[in-house]
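Read the structure below first, then the notes.
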Amino acid sequence: MRIGIVSPYSLTSPGGVQTQVLGLGRALGRLGHRVRILGPCDGAPPEPGVTPLGASIPTFANGSVAPIAPDLACTLRTIRALRDEEFDVIHIHEPICPGPCQTALFLRNAPIVGTWHAAGGSKAYLTPGVHWLASRMNVRVAVSKEASDMASDALGGDYEVTFNGIEIESFDNSSAKHTSGPTIAYLGRHEPRKGLEVLLQSVVSMPEKVTLWVMSDGPQTEELRSRYGSDERVKWLGAVSDEEKISRLKGADVFCVPSLRGESFGIVLLEGMASGTPVVASDLPGYRNVAKGGDEAYLVAPGDVQTLSSGLRRVLEDKQLASQLSQAGLSRAAEFSMARLAEIYVELYQRAIEIELKDPERGGWREELSRMIGHLR
């Protein structure tokens, strides 16, 4: 198949959705499909097979700052790319997000599969016309029950629940960065809902020999460094390459994910698990999608400094517990391979094409028009 994948977020910025888009594109390519990824890019495209749609505009959304591109220039580039490529199927991530996703739904020149990632509510659902846009999809997908519930409550419709995938081979082929003492790794945007400050407060009471690797950056970086920068145990590494990220995850003694809210799926937990590193994370519904059995990660109450500090100490000191978490995590991560996810999506693409062939006007034109006329009457 000729597959177009549309990302709402800048593909040159780190993020969970962007990682899924690029990883899925590579996995589909390995299956023999021709894939083109469309999305905003702030600079050169991150890899071959990406069509840049222009620079992003940082926009506040869901407790974070999303690098989206809702401007006219991006809209025109999206229309041109969709018409030039003549895709057999179009796969839109976060379909209701303003920018190329809404443009692709409006144009609708091929069968469409839409995937929802977010949970916890979004102001995008309050935008006029989003119900009509959602009705133009042939197949709707959500990465978790939480994401499905949010989309269903706001838009109605039926959703196929899948998962977020991880490229297991990237972790198998990487070496660990060796450490000289107990090391905790953190990976995530520096913003309130990710809970980095809770982790930094927890480290204050920990032994002097402990090291914390803080990877990536964000809107809170400067503020947090001004408060905790004097602690020599904390190493502020900034944005790191995928290779360095995996190397440090594999070399750390514990991977900590202290998020407070707004997480629909624990893809970041899977990265720690695939590294063979014990995971200590907040006990959030989205993270329980991954740590389902309770043995794959040590879960603690979100936002509780003492509980987090105690959990980190226990995993660092109890080698048997750490080994159990590591082995259970590796097994769990294998269930979420990107290769398996790509095969699932191929079946969903085929279903969308079959639905379109049976009824080319499916996508809501007639139903939505009748409903609107009914309201006017």
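Quick notes
- Looking at Val35, Val21, just one residue is among the hydrophobic types (A, V, I, L, M, F, W, C) and crowded, with 23+ Cβ neighbours inside 10 Å, and that residue is Val21.
- Strands (runs of 3 or more DSSP E) wholly inside the range 249-341 that include at least 3 residues being in contact (Cβ under 8 Å) with a residue 24 or more places away in the chain: 254-257, 279-282
- When Val130, Val139 are screened for being outside the structural domain of Ser282 (by TED's automatic domain parsing), in contact with an Asp or Glu (Cβ under 9 Å, 6 or more places away or on another chain) and among the β-branched types (Val, Ile, Thr), only Val139 passes.
- In the range 213-239, the residues that are in contact with a Lys or Arg (Cβ under 7 Å, 6 or more places away or on another chain) and of a type in the set (A, V, I, L, M): Val214, Met215
- Filtering Gly29, Gly16, Gly49 for residues that are of a type outside the set (Phe, Trp, Tyr), modelled with pLDDT of 95 or more and on the phi < 0 side of the Ramachandran plot leaves a single hit, Gly29.
- The range 182-225 - residue that is touching a Ser or Thr at 6+ places or on another chain (Cβ under 7 Å) and hydroxyl-bearing (Ser, Thr, Tyr) and, of those, nearest to Pro302 (Cα to Cα): Ser202
- Out of Ala154, Ala134, Ala176, one residue alone is touching a strand residue (DSSP E or B) at 6+ places or on another chain (Cβ under 9 Å) and touching a residue at least 24 places away in the same chain (Cβ under 8 Å). It is Ala134.
The values are calculated or read from the model by the stated rules, or taken from the named source; none is laboratory data. The shown structure was predicted, so the numbers you read here are calculated from the model rather than taken from an experiment. Neighbour counts run over all protein chains shown; Cβ positions are idealised from the backbone, glycine included.
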